[in-house]
1. Out of the range 96-124, which residues are surrounded by fewer than 16 Cβ atoms within 10 Å (Cβ to Cβ) and of a type in the set (A, V, I, L, M)?
2. Are there helices (runs of 4 or more DSSP H) fully within the range 179-272 with at least 2 residues that are of a type in the set (S, T, N, Q), within 30 Å of residue 82 (Cα to Cα) and touching a His at 6+ places or on another chain (Cβ under 8 Å)? List them.
3. Mind telling me which of the residues 223, 206, 265 ends up being free of Cβ contacts under 8 Å to residues at least 40 places away in the same chain, over 18 Å from residue 73 (Cβ atoms) and hydrophobic (A, V, I, L, M, F, W, C)?
4. Can you tell me which residue within the range 50-70, out of those that are closer than 9 Å to residue 242 by Cβ and surrounded by 13 or more Cβ atoms within 10 Å (Cβ to Cβ), is modelled with the highest pLDDT?
5. Restricted to the range 209-243, and to residues that are of a type in the set (A, V, I, L, M, F, W, C) and touching a Ser or Thr at 6+ places or on another chain (Cβ under 7 Å), which residue is nearest to residue 132 (Cα to Cα)?
6. Any idea which residue in the range 217-272 is modelled with the lowest pLDDT, counting only those that are surrounded by fewer than 19 Cβ atoms within 10 Å (Cβ to Cβ) and aromatic (Phe, Trp, Tyr)?
7. In the set 96, 85, 104, which member is modelled with pLDDT of 85 or more, farther than 30 Å from residue 194 by Cα and either of a type in the set (Gly, Ala, Ser) or within 25 Å of the chain's Cα centre (by Cα) (or both)?
8. Among the residues of the range 78-89, are any without any contact (Cβ under 8 Å) to a residue 40 or more places away in the chain and of a type in the set (A, V, I, L, M)?
Amino acid sequence: MKKQPKKHKQTDFSKAHQTYIKKLKKDKFVVIFFRIFVLIAFLGLWELFTHFSIIDPFFVSSPSRIINQIITLAKNGSIFTHSLITLGETLAGFAIATVLGYLIAVLLWCNEKARKIFEPYIVVLNSLPKIALGPVIILWVGAGTSAIILMCVLICIIITTMSMLSAFLSVDESKILLLKSMNANKWQILTKLVLPSAMCEFVSVLKINVGMSWVGSIMGEYLTSKAGLGYLIVYGGQIFKIDLVMASTTILCILAFLMYYLVSLIERKYRK
């Protein structure tokens, strides 16, 4: 007769698995708790120090004054107007730079000679401070939204191109040779191997571009704008109203976080 498997081993495995799952949940709870704790502690100390004049609120504002300023902006509706303008510019620059940078990287991968010719220029453009091109950009497309979006695109497109090109070139050469041995053409190698292999890097590029696109739009608004969060920051600095500067910066941080969170959701869905 065949021996029946021992049931206690499965039970032990189940208990060990449950213990492991509990530990993961506990660790996740601890991380979330301390994230919230650090934020509350920072804001609390900031409020206390300004309330007792340990630090001057004229220079650093305070959480309560920032909240009051945001409420004031919300009541007159300007917070929504300026936020939507900056958000629209950022999303436009983010989308254009990501698509164009990705396509340029694909073209450079397909043409080795073109890659060798243009690669040094791409490196130089990446090291160039984009703010130096501000006056030139205004001359090219005029002052206003177009100049801001172009600034955003210039900041993001080079990073997208370099990152994606590096990802394409890092694909396992032996896999490419295998496909070539099966008479696969360059288009098939690109679509069946190279692009799928670089998806993780593409998601990472999206995360990078989230931050860089906000930098680009705010830099553009510093140079030329009559509305937007960058405009409010500049205006608040000019009239020495730090509450307006900090309130605008807080709204900017919230919008940037929400955009980053959406990209993170895409990443989780893809990794599943």
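The values are calculated or read from the model by the stated rules, or taken from the named source; none is laboratory data. What you see is a predicted model, and the numbers here were worked out from it, not measured in a lab. Because the Cβ atoms are built from the backbone with ideal geometry, glycine has one as well, and the counts that use them run over all protein chains shown.
1. Initially, the range 96-124 is screened for residues surrounded by fewer than 16 Cβ atoms within 10 Å (Cβ to Cβ), giving 99-100, 103, 107, 110-114, 116-117, 119-121, 123-124.
Matches in the range 96-124: 99, 100, 103, 107, 114, 117, 123, 124.
2. Answer list for the range 179-272: none.
3. 265
4. 65
5. It comes out as 214.
6. The selected residue is 270.
7. Residue meeting the stated conditions: 85.
8. So far as the range 78-89 goes, yes, one or more of its residues are without any contact (Cβ under 8 Å) to a residue 40 or more places away in the chain and of a type in the set (A, V, I, L, M).
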